[in-house]
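Reading through the structure tokens given below for one structure.
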Amino acid sequence: MFTKLKIFLEMIKFEHSVFALPFAFMGAILGSVVLNGHLPSWAQIGWITLAMVGARTAAMALNRVIDKAIDKKNPRTENRAIPAGLISIPQVIIYIIISFALLFWATSNLSSLSMKLLPIAVFFLVFYSYTKRFTWTCHFVLGLTLGLAPLGGWIAVTGQFTWASIVFYLTVVCWSAGFDLIYACQDAEFDRNEGLHSLPSRFGIKAALNTARILHVLTAVGLVTLFFITHLSWFYLVGLVIAYFILYKEHRLVSPQDLSKLNTAFFTMNGVLSLVMFAFTLLDVLVREYL
């Protein structure tokens, strides 16, 4: 059982939770402080964590099941657990059911608006995996999906939308779509040959990287806008400067002629960015609240 669990966690790249989870916490902290005047409770943070783990696990496991035939053809993914026969489809489906149950249970312990919006979140979690079959805008659908992390964290503790929450949502949408465009460049030729849709396969790697740069400029604009509309202080700005440097460095690592450092640009840089923004936002709030 533990061996299968280990295989499953490796299959869904559980460590990639570092992308969205810090932004979910950041949304919860900012929403609670801005609207409620205090930090979210430990119980709220716990339920948000469980909801995020359930949502991401279900989405990634579904993606692996839906894309099993594609993964088997792609030399980059042919050794993944399902095409390699390391885990069966029924076993993965069990994990998916458990993950969705965890998402529902955790969400039911958060705001009532979170429960009302849950079907929309589930739709995007499922829908994304099919988009590469019919549209090159699949990267933006992923952005719309991952952007639900900070918005979900915000709504979970406040039970309402605000302009700040929308700005934060759109910022993470641009960030997510941008790094997915970079990641998709490595499969441009395969996607083109298999009739799959992506921006790199449709318009070329150069166009994809340029689009990613534009999206990350919009990310930078969104993050600084968040500073002004949530009344954060210079601690947040320090984190913002570091995040800007990370985005700059990410795009310096890849080019249409050289994608050899793509994994560093995709995983390391973006994982660090999300952690940095969360850490400096938390520090900013803690200093303001308790000093």
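The values are calculated or read from the model by the stated rules, or taken from the named source; none is laboratory data. Predicted model only: the values in this text are computed from it and were never measured. Here the Cβ is made from the backbone with ideal geometry for all residues, glycine too, and neighbour counts use every protein chain on show. Each accessible area value is taken on the protein alone, full model and side chains, heavy atoms only, with ligands, DNA and RNA left out. Shrake-Rupley method; radii C 1.70, N 1.55, O 1.52, S 1.80 Å.
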**Report entry** Semi-axis lengths (Å, descending) of the ellipsoid that matches the C-alpha gyration tensor of the chain
**Finding:** 31, 24, 16
Requested in this report: Scan the chain and report its longest stretch carrying no trypsin sites (Lys or Arg not before Pro) that are both in a DSSP loop and have at most 15 other Cβ atoms within 10 Å.
Outcome: 134-260
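Please give the contour-minus-distance gain from residue 43 to residue 202: 0.36 nm per residue of separation, less the Cα-Cα distance, rounded to one decimal in nm. Don't skip to the end; give the middle numbers.
Details: separation 159, 0.36 × 159 = 57.24 nm, distance 4.59 nm.
Separation in residues times 0.36 nm, less the Cα-Cα distance, equals 52.7 nm.
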Requested in this report: Quantify, in whole percent, the carbon and sulfur part of the accessible surface of segment 63-178 (1.4 Å probe; protein heavy atoms only).
Outcome: 72 percent
Query raised in the report: In nm, what is the difference between 0.36 nm times the number of residues separating residue 69 and residue 268 and their Cα-Cα distance?
Result: 68.8 nm
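Pick out the long, greasy-scoring helices in the chain: whole DSSP H runs spanning 18 Å or more along their own axis by Cα, mean Kyte-Doolittle at least 1.0. Present the calculation step by step, with values, prior to reporting the outcome.
Details: long enough: 42-66 (36 Å, 0.96); 89-108 (28 Å, 1.92); 112-131 (30 Å, 1.45); 163-184 (31 Å, 1.46); 205-230 (37 Å, 1.52); 234-252 (27 Å, 0.84); 269-290 (31 Å, 1.31).
Membrane-span-like by this rule: 89-108, 112-131, 163-184, 205-230, 269-290.
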Query raised in the report: Could you give the accessible area per residue of segment 157-291, probe 1.4 Å, as a whole number in Å²?
Result: 47 Å²
Query - Approximate spin-label separation residue 234-residue 108, in nm, with each point projected 7 Å along Cα-to-Cβ - result: 4.9 nm
Query raised in the report: Considering the Cα trace of segment 103-192, what is its radius of gyration and what is Dmax, both in angstroms?
Result: 14.8, 46
Report summary line: In nm, the gap between the two label points placed 7 Å beyond Cα toward Cβ at residue 217 and residue 88 is 5.3 nm
Query raised in the report: Once Lys and Arg get +1 and Asp and Glu get -1 on their Cβ, which of 5, 81, 151 lies farthest toward the positive end of the dipole of the chain?
Result: 81
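Relative to the compact-globule scaling 2.2 N^0.38 Å, provide the ratio for the alpha-carbon radius of gyration of segment 217-283.
Ratio of Rg to 2.2 N^0.38 Å for segment 217-283: 1.21.
Would you kindly state how much longer the chain becomes between residue 4 and residue 258 on full extension, computed as 0.36 nm times their sequence separation minus their alpha carbon distance, in nm to one decimal? Provide the component values of the computation, followed by the final result.
Working: separation 254, 0.36 × 254 = 91.44 nm, distance 3.63 nm.
Extending this stretch completely gives an extra 87.8 nm.
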Query raised in the report: Using the Kirkwood formula over every pair of different C-alpha atoms, what hydrodynamic radius in Å results for segment 158-208?
Result: 12.5 Å
